[in-house]
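Notes follow once the structure below has been shown.
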Amino acid sequence: MAFIPVRDAEKLLHLTRALAAILGAGMLLNACGGGGGYDSGGGGSGSGSGSGYGAMPSYTVGGTLSGLSGTVVLQNNGGDNLAVSANGRFTFATQLADGSNYDVTVVSQPVGQSCTVMNGMGTFSASNVTTVTVTCR
C-alpha cells in the first residue's frame, strides 16, 4: 500500500474541491439552460449560435406618428395598446420573438381626426421594426 505525503495530500484535497466546484457550477448552468444559444442582448439585438439554450432574441415594433392633435390609441396584435399624445416616434412596450407577426391598428381615434396606419403588418426578421407610419388628418 502506497502512502501520499501530507503536502501532496493537501494539494490533492484542494484540487478535488476545485474540481467538485467546477462540476457543480456546470450542472447548475445546464439545469437552468445557461451556457449557449441566444442572448436577448438587452434591447433586441440578440445574437448567438449555440445549442439553442437561453432566451430567444426579441424585438419591438414602432414607427412615426404625424398630424396628431389629441390622443390616439394604437394596438399591436389585438392586445398591446399604446396611447400616443404627441407627434414623433413611438414604440410598443411588448417585445416579440423573431419570426413572429405584428399588426398595428388604430383602436381609438382622436376627437375630430382620422388616423391611418401604413406599413403596419409584417413579420419580424432579426431586427426591431421602426417603419410603421401613422398619419392623422
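Every number here is computed from the coordinates shown, using simple stated rules; none is lab data. Please read these numbers as outputs of a predicted model, since none were measured by experiment. Here Cβ is always computed from backbone atoms with ideal geometry, including for glycine, and neighbour counts include all displayed protein chains.
Below are the figures for this structure:
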item	result
Residue list for the stretch 81-130, restricted to those being more than 25 Å from ALA55 (Cβ to Cβ) and touching a residue at least 60 places away in the same chain (Cβ under 8 Å)	none
Members of the stretch 76-90 found to be farther than 11 Å from VAL134 by Cα and either surrounded by fewer than 18 Cβ atoms within 10 Å (Cβ to Cβ) or touching a helix residue (DSSP H, G or I) at 6+ places or on another chain (Cβ under 7 Å) (or both), listed by number	ASN77, GLY78, GLY79, ASP80, ASN81, ALA83, SER85, ALA86
Residue list for the stretch 100-131, filter: small (Gly, Ala, Ser) and touching a Lys or Arg at 6+ places or on another chain (Cβ under 7 Å)	SER114
